[in-house]
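The values are calculated or read from the model by the stated rules, or taken from the named source; none is laboratory data. This is a predicted model, so every value here is computed, not measured. Note that each Cβ is placed from the backbone with ideal geometry, even for glycine, and that neighbours are counted across all protein chains shown.
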Amino acid sequence: MRITPFLAAVLTLPALGFAANIVVNPGFENFLASPWVTNWDLALDPHTGFQSIGTGCTGAQCTLPGANAAYLYQDLTIANGTTYTLSFYLQVDGTGTSTPNDLRVFFNGSQVLALTNITALGYQQYSTTVVANGTGARLEFLGRNDPSSSRLDDVSLDSAPAQNPVPEPATWLLFAAGFSALVTARLSYRRKATRTT
């Protein structure tokens, strides 16, 4: 098999730090929200795709863990000790400050983010980093918006760095060295081919 520089560049892309989202059905597109477990409602006001999910729950009990909470969760398989970036889009319905509204995010039982009384705007992206402690974790959202609803879409959990999405210099150096070697090999092959004809 002949490896062209383009094929070599494509094969090198995973080394540049791109990571896959480990959340299944991150945009709630399958009509059942599965494999999410939830008492939230599917909504036709998405950030992307054709569906999102929203809480219509009212009252303080909505964001307190327990039987009356407005919950949305998914159990995930993760790599122990790995730092993940958790990201999602949230839209608070209403006008101005639609209060009270509250969204709490839990990772493996620990609260990692609390968004309270956010201004009602279009979808806004929120993100935080979490560290895996074990090989399984529950990603859970508890939410309320008393006057209206809050919508969630495009949930992502991946091992790509949150603060530095640009590959490190050593990664670029490795990529450049590999690409240079391929170009050199290709030129050598062409020189050899012209000498024999």
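Scanning the range 82-97 for residues that are surrounded by fewer than 22 Cβ atoms within 10 Å (Cβ to Cβ), at pLDDT below 90 and of a type outside the set (S, T, N, Q), we see that the one that is farthest from the chain's Cα centre (by Cα) is Gly96.
Select from the range 118-132 the residues that are surrounded by fewer than 15 Cβ atoms within 10 Å (Cβ to Cβ) and not in a strand (DSSP E or B) and write down the one among them that is modelled with the highest pLDDT. Looking at residues that are surrounded by fewer than 15 Cβ atoms within 10 Å (Cβ to Cβ) and not in a strand (DSSP E or B), I get Gly122. So, Thr63, is that one polar (S, T, N, Q) and surrounded by 22 or more Cβ atoms within 10 Å (Cβ to Cβ) or not? Answer is yes for this residue.
Count, please, the residues in the range 42-73 that happen to be without any contact (Cβ under 8 Å) to a residue 60 or more places away in the chain and in contact with a Ser or Thr (Cβ under 9 Å, 6 or more places away or on another chain). Qualifying residue count, the range 42-73: 2. Taken over the range 26-76, the criterion of being assigned to a loop (DSSP other than H, G, I, E, B), touching a Phe, Trp or Tyr at 6+ places or on another chain (Cβ under 7 Å) and within 16 Å of Pro100 (Cβ to Cβ) is satisfied by Ala70 alone.
Would it be correct to say that Val155 is surrounded by 12 or more Cβ atoms within 10 Å (Cβ to Cβ), modelled with pLDDT of 95 or more and closer than 17 Å to Trp40 by Cα?
yes
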